[in-house]
Amino acid sequence: MTAITLRGLTKEYESTLAVDAIDLTIESGELFFLLGPSGCGKTTLLRMLAGFIDPTAGNILFDDKEVTHTPPNKRNTGMVFQSYALWPHMTVLENVAYGLKIRKNSATQQRKKALETLEIVHMEHLAERKPNELSGGQQQRVALARAIVVEPDVLLLDEPLSNLDAKLRLEMRSEIRRICTSIGMTTVYVTHDQKEALSIADRLAILKDGQVMQVGTPREVYQAPVSQFVAEFIGETNFVRAKETPLGLETSFCTLKSDHTCEKEDIVCSLRPEAIRVVDTPATCNSFSGTREETIYLGEVAQHKIKVASDLILRVTEVNPRHLGEVGDVLHMTVDPCDVIPLPL
């Protein structure tokens, strides 16, 4: 297993700064996600790790080995692209064994190792099929097997689920987690899908404009974002202007107590819709009321829009909903202090 260290990694394209002096450490055996909107630099960063793009400045280390300008074929990385790029004229087994063939493994070794790897991805029973006889999810497993069969030091995944339909993406999330965990290989995974990252990653980095905004576990980043950008990108939230007072965070509809602090004078509070609870009677802490503007019933949840001030409507998600009255109803709500996140405005 290999640790990755980036020191001041930068990539410029004429007047465009795609990656801006990133310092980052990815631990050995970690399943690490690069997450951000289109154009944030995540794919450029991944391709620099693979050796397909030379950085303008900075260093890339695999363990203590400098690989910044090492050619791709000398880095011992495996990569899975958005398009699976399987050879259509080869069988599944031949596709997976191709990297071993290039490395001049014997025919016996190629077959043995390719079959063992197909077992890891649960595709050994389709070894003699051609790629066009497989579903999208099956092709994804083959592409993954082809990348890991050569035992790379680092596995790189570039939005590998983007071409699958919603149901297959859900299935493949747990499969990729299972496979990467079972082989214990350091894996860097690029995506713009927040749910994908939250459900699979050991840790993740949120990128914006070529810079790392926050690094942490999915739970840390979701529950304790450091900025409005991170809070909004990694999930749905309500932003509420607030002012620090001796009694708490004064908003337009109540004073909220928070377990968190913010050193700035101008503050906005992040309140996740699922953190706001609809209650039958006013609570003793962080209690406020509002008027129902809209409710969308989805079975296991209801999505409420509740007006709590003349210029503020909060989105509230109620699990196993019981408060399903009419527009104009007054609803009582509360939010735990640990879920009130003050952020710089």
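The values are calculated or read from the model by the stated rules, or taken from the named source; none is laboratory data. No experiment lies behind these values; they were computed from the predicted model shown. Glycine gets a Cβ as well: all are built from the backbone with ideal geometry, and neighbour counts include every protein chain shown. Accessible surface areas use protein heavy atoms only, side chains included; no ligands, DNA or RNA. Shrake-Rupley method; radii C 1.70, N 1.55, O 1.52, S 1.80 Å.
When you check T44 against the structure, is it open to solvent by 20 Å² or more (accessible area, probe 1.4 Å), in contact with a Leu (Cβ under 7 Å, 6 or more places away or on another chain) and not aromatic (F, W, Y), yes or no? Judged against the criteria, T44 is not a match. Take the conditions (1) under 17 Å from the mean Cα position of the chain (by Cα); (2) closer than 14 Å to V340 by Cα; (3) open to solvent by less than 60 Å² (accessible area, probe 1.4 Å); A197 misses just one of them, which is (2).
Filter the range 254-291 for residues that are charged (D, E, K, R) and either part of a loop (DSSP other than H, G, I, E, B) or under 11 Å from L314 (Cβ atoms) (or both) and give the result. Residues satisfying the conditions are K257, D259, E263, K264, E265, D266, R272, D280.
Criterion first (in contact (Cβ under 8 Å) with a residue 40 or more places away in the chain, closer than 26 Å to L164 by Cβ and part of a strand (DSSP E or B)) does L49 satisfy it? In short, no.
Of everything listed in (1) in contact with a helix residue (DSSP H, G or I) (Cβ under 6 Å, 6 or more places away or on another chain); (2) closer than 19 Å to S83 by Cβ, the single unmet condition for T117 is (2). Here L100 fulfils each of the conditions (1) touching a residue at least 40 places away in the same chain (Cβ under 8 Å); (2) within 27 Å of the chain's Cα centre (by Cα) apart from (2).
Do we have any residue at all in the range 53-61 that's outside any strand (DSSP E or B), small (G, A, S) and either surrounded by fewer than 18 Cβ atoms within 10 Å (Cβ to Cβ) or out of contact with any helix residue (DSSP H, G or I) (no Cβ under 9 Å at 6 or more places or on another chain) (or both)?
no
Can you tell me which residues in the range 106-128 are part of a loop (DSSP other than H, G, I, E, B), within 18 Å of P88 (Cβ to Cβ) and open to solvent by less than 50 Å² (accessible area, probe 1.4 Å)? Before the answer, list the steps.
Step one: list which residues in the range 106-128 are part of a loop (DSSP other than H, G, I, E, B), which gives 106, 121-123, 127-128.
Going one step further and asking which of them are within 18 Å of P88 (Cβ to Cβ), we end up with 123, 127-128.
Answer for the range 106-128, where residues must be part of a loop (DSSP other than H, G, I, E, B), within 18 Å of P88 (Cβ to Cβ) and open to solvent by less than 50 Å² (accessible area, probe 1.4 Å): M123, A127.
Return a yes/no flag: does the range 164-181 have any residue that is under 16 Å from Q82 (Cβ atoms) and not in a helix (DSSP H, G or I). Within the range 164-181, one or more residues are under 16 Å from Q82 (Cβ atoms) and not in a helix (DSSP H, G or I).
Would you call T217 at pLDDT below 95 and surrounded by fewer than 17 Cβ atoms within 10 Å (Cβ to Cβ)? Criteria not met by T217.
Quick one: F33 ticks every box in (1) open to solvent by 10 Å² or more (accessible area, probe 1.4 Å); (2) under 24 Å from the mean Cα position of the chain (by Cα); (3) not β-branched (V, I, T) except a single one, so which number is it? Only one criterion is unmet by F33, namely (1).
Residue-wise test of (1) modelled with pLDDT of 90 or more; (2) open to solvent by 10 Å² or more (accessible area, probe 1.4 Å); (3) more than 27 Å from the chain's Cα centre (by Cα); (4) of a type in the set (F, W, Y).
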{"site": "K130", "(1), (2), (3), (4)": "yes, yes, yes, no"}
{"site": "Q140", "(1), (2), (3), (4)": "no, no, no, no"}
{"site": "L157", "(1), (2), (3), (4)": "yes, no, no, no"}
{"site": "V188", "(1), (2), (3), (4)": "yes, no, no, no"}
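Any residue at all in the range 197-207 that is more than 14 Å from F33 (Cα to Cα) and touching a residue at least 24 places away in the same chain (Cβ under 8 Å)? Scanning the range 197-207, I find no residue that is more than 14 Å from F33 (Cα to Cα) and touching a residue at least 24 places away in the same chain (Cβ under 8 Å), so the answer is no.
For T5, the test of being over 24 Å from L198 (Cβ atoms), open to solvent by 20 Å² or more (accessible area, probe 1.4 Å) and either in a strand (DSSP E or B) or in contact with a helix residue (DSSP H, G or I) (Cβ under 7 Å, 6 or more places away or on another chain) (or both) is passed.
Scanning the range 220-247 for residues that are over 22 Å from L31 (Cα atoms), without any contact (Cβ under 8 Å) to a residue 40 or more places away in the chain and surrounded by 19 or more Cβ atoms within 10 Å (Cβ to Cβ) turns up just one, T237.
In the range 62-98, how many residues are part of a helix (DSSP H, G or I) and open to solvent by less than 30 Å² (accessible area, probe 1.4 Å)? Qualifying residue count for the region: 5.
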